[in-house]
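Working notes, beginning with the structure itself.
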Amino acid sequence: MLSTKTLKITLTISGFLLVIGAVAHLFASYLGVYSFGLGAIGLTFIKLKHNTNDTDFRIKRLRNIQALAAVLLLGTAYLMYIQHDFWVIALLLSASMDLIVSFRMPKNTP
């Protein structure tokens, strides 16, 4: 298992890459797709590796929703790569899922 500091650093870098990639793609930069893809890979890795040993069904369900939203980011990167306009909808769905989970997740959850 990765240390907490490594997880936080990877999460921060991935988040910056996602934002930079999405903004760069809006301004028709071909490098935005690759930046977004690297951020999506990093975030997906974090979400899939961050398993808790909780027996609470609700927390497990919310973690699975987070993992699905992260995988949807990979689909968004693919849609950006093939230059399809539906990448915006995929990004909106992923962000909405993460927003809902952030409100529903208990505060004392690691």
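Scanning region 46-60 for residues that are more than 30 Å from Ser29 (Cα to Cα) and either under 15 Å from the mean Cα position of the chain (by Cα) or surrounded by 15 or more Cβ atoms within 10 Å (Cβ to Cβ) (or both) returns Lys49, His50, Ile59. Across region 24-45, what is the number of residues that are modelled with pLDDT of 90 or more and more than 12 Å from the chain's Cα centre (by Cα)? Residues in region 24-45 being modelled with pLDDT of 90 or more and more than 12 Å from the chain's Cα centre (by Cα): 4 in total.
Checking the condition farther than 18 Å from Met105 by Cα and touching a Leu at 6+ places or on another chain (Cβ under 7 Å), which residue from Ser3, Ser35 passes? When all the criteria are applied, what remains is Ser35. Being part of a helix (DSSP H, G or I), closer than 19 Å to Ile89 by Cβ, among the hydroxyl-bearing types (Ser, Thr, Tyr) and in contact (Cβ under 8 Å) with a residue 24 or more places away in the chain, is that true of even one residue in region 57-76? The answer is yes, given that some residue of region 57-76 is part of a helix (DSSP H, G or I), closer than 19 Å to Ile89 by Cβ, among the hydroxyl-bearing types (Ser, Thr, Tyr) and in contact (Cβ under 8 Å) with a residue 24 or more places away in the chain.
Only residues that are surrounded by 13 or more Cβ atoms within 10 Å (Cβ to Cβ) and among the charged types (D, E, K, R) were counted in region 61-110, giving 2.
The values are calculated or read from the model by the stated rules, or taken from the named source; none is laboratory data. Because the structure is predicted, anything quoted here is derived from the model rather than measured. Please note: Cβ atoms are built from the backbone with ideal geometry, for glycine as well, and neighbour counts cover all protein chains shown.
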